[in-house]
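Single-structure report; data block below.
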Amino acid sequence: MSQSKSGFSKLSKEEKIQWILSEYFSNDANAEKVLKQYWNSNESLQRLHDDFIENTISNFYLPYAVAPNFLINGKYFTVPMVIEESSVVAAASKAAKFWSERGGFKTTILGTEKIGQVHFIYKGNKEKLISFFENIKPKFYEQTQTITANMQKRGGGITSIELRDKTSELESYYQLHATFETVNSMGANFINTCLEEFAKILKEEAEQEGIELDVVMSILSNYVPNCVVRAEVSCRVEELNENPAYAEKFVQAVKIAEIEPFRAVTHNKGIMNGVDAVILATGNDFRAVEAGVHAYASKDNGYSSLSHAEIKDGIFRFWLDLPLALGTVGGLTSLHPLVKLSLQMLGNPSAQELMQVVAAAGLAQNFAALNSLTTTGIQEGHMKMHLMNILNQLDATHEEKKLTVKRFKGRPISHSAVVNFVETLRSQQ
């Protein structure tokens, strides 16, 4: 049975590993080998990775791939993607190629507003609080000048501050609701620094006025419904597929996801396969993006599809709107070598340009999934990769792989069936 370990964070990397090996792996040499075989042989690069987070003992690799042929607003991109799920990159690439021959993706920035809030409790007279807020409001801007000066030079800064009454939802609860423009940075540190200064000003000014209030917390929001990008594709119905019923069936599939949450969750997960892969490759926070995107999908009468489709006057149109708070400066973008490479591959985009690439990747992934679902079914592509995964687990040779692929072409694939077939091949040898 393992024991608690006080002072673990103060141990060296080697000491952390030795403690884990003794506690959980009976000092198994193979466990130590697995951990250390993923260390980078470049010591300075390894130290860089070790400093990204706390208590590091190894690196956890994910495949880094590219999807070419993304034509976005008339410009070609090769899009970097980091993901462990098979078929995603192939599907995105196929969809990108398909739409590059039909005008490509059109993208539009609908807004870039970020949000932060100071949450506080006030039990006094509401009118008195409103008057107090209006009197001190200029001080929020004036006393944060040293924080916002550099951001203002780049065209950003604090764009609005308002007092919001939330007492109908939670007794005595109010908030300062602030909006920001952070240009090419995601802006989390900038926003949170401003918010903490707002809280300090609020408390100090309240004390001077004899107003009793209690600040609960100050934090940015990852829900950014006004920091949104639209990506869309369109073509004449006859250019979409030789089967005239295809477009109608595709639109129906999207409409089902618009009204059925059980389908919408999986539908949107497919979009995020493409989105998260580019987010990771460019050093952005995919967890923040996921949380914000799914909140956005729930903004109108329950959870719904992020993408939409229609046929109008013989034109098929497919589009999505995504809330994306991204950055191309700061954080890992200036530290992680592969992130730098990804951004360089994309032409060192601005945050708004990166939003557009990410949205196009999400729409491409969604199109590919819906195309499979409404034609051959989703399993055909997945099972090809599943077969390869099984063969790799069995350490199959090149010849064994070739014969197995031939054997299961057009047939159901199961783990036991593949194992039996490979064992039969080996017994014959």
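All of the numbers you see were taken from the coordinates with simple rules; none came from a lab. What you see is a predicted model, and the numbers here were worked out from it, not measured in a lab. Quick reminder, even Gly has a Cβ in these numbers, built from the backbone with ideal geometry, and neighbours come from all protein chains shown.
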- line: Longest the chain segment clear of trypsin sites (Lys or Arg not before Pro) sitting in DSSP loops (not H, G, I, E or B) with at most 11 other Cβ atoms within 10 Å runs 124-408
task: Kindly provide the GluC sites (Glu not before Pro) of the range 26-81 that DSSP labels as loop, not H, G, I, E or B, and whose Cβ sees at most 10 other Cβ atoms within 10 Å.
output: 54
query: Between Rg and the Kirkwood Rh of the range 114-221, both from Cα atoms, what is the Rg to Rh ratio?
result: 0.98
- prompt: With θ set to phi - 60° and the Karplus curve 6.51 cos²θ - 1.76 cosθ + 1.60, what are the ³J(HN,Hα) couplings of the range 12-17 in order, to the nearest whole Hz, using x for Gly and Pro?
  reply: 6, 4, 5, 5, 4, 4
query: Which FRET efficiency, nearest 0.05, do residue 421 and residue 236 yield, Cβ-Cβ r, R0 35 Å?
result: 0.15
- line: Taking 62, 306 and counting other beta carbon atoms within 10 angstrom, the fewest-first order is 62, 306
field: Backbone HN-Hα couplings from phi across the range 272-285 [Karplus 6.51/-1.76/1.60, Hz, Gly and Pro as x]
entry: 5, 4, x, 4, 4, 4, 6, 4, 5, 5, 9, x, 9, 8
message: Just to be sure I understand the model, the point goes 7 Å from the Cα along the line to the Cβ. What's the resulting residue 109 to residue 175 distance in nm?
response: 2.5
- prompt: Under the Karplus relation 6.51 cos²θ - 1.76 cosθ + 1.60, θ = phi - 60°, what is the ordered set of whole-Hz ³J(HN,Hα) values for the range 71-78, x standing for Gly and Pro?
  reply: 9, 10, 6, x, 10, 7, 10, 9
message: Please list, by residue number, every one of the GluC sites (Glu not before Pro) in the range 129-217 that is coil in DSSP and has at most 14 other beta-carbon atoms within 10 Å.
response: 169, 171, 212
task: Determine, from the Cβ-Cβ distance of residue 85 and residue 131 and an R0 of 41 Å, the FRET efficiency 1/(1 + (r/R0)^6), rounded to the nearest 0.05.
output: 0.15
- prompt: What length, rounded to one decimal in nm, is gained on full extension from residue 165 through to residue 62, with 0.36 nm per residue of separation minus their alpha-carbon distance?
  reply: 32.5 nm
Longest to shortest principal axis, alpha-carbon extents of the range 8-50, angstrom: 31, 24, 10
- line: Between residue 41 and residue 291, Cβ-based FRET efficiency (R0 41 Å, step 0.05) works out to 0.65
field: 28 Å Cα-Cα reach of residue 166 towards lysines, excluding residues that sit fewer than 8 places from it in its own chain
entry: 114, 123, 126, 128, 137, 139, 200, 203, 299
task: Mind sorting 235, 227 by how few other Cβ atoms lie within 10 Å of their own Cβ, fewest first?
output: 235, 227
- request: Find the centroid of the Cα atoms in the range 139-163 and in the range 30-65, then give the distance between the two in whole Å.
  value: 40
- line: The exposure ranking of 388, 81, fewest beta-carbon neighbours within 10 Å first, is 388, 81
query: So what's the net charge close to residue 417: Lys and Arg +1, Asp and Glu -1, counting the other residues with Cβ under 12 Å from its Cβ?
result: +1
statement: Here the net charge surrounding residue 68, from other residues whose Cβ is less than 15 Å away from its Cβ (Lys, Arg +1; Asp, Glu -1), is +2
- prompt: What's the local net charge at residue 336, with K and R +1, D and E -1, over the other residues with C-beta under 14 Å away?
  reply: -1
Long-range Cα-Cα pairs in the chain (distance over 33 Å), rounded percent: 52
query: For the range 256-388, what number results from the quotient of the Cα radius of gyration and 2.2 N^0.38 Å?
result: 1.15
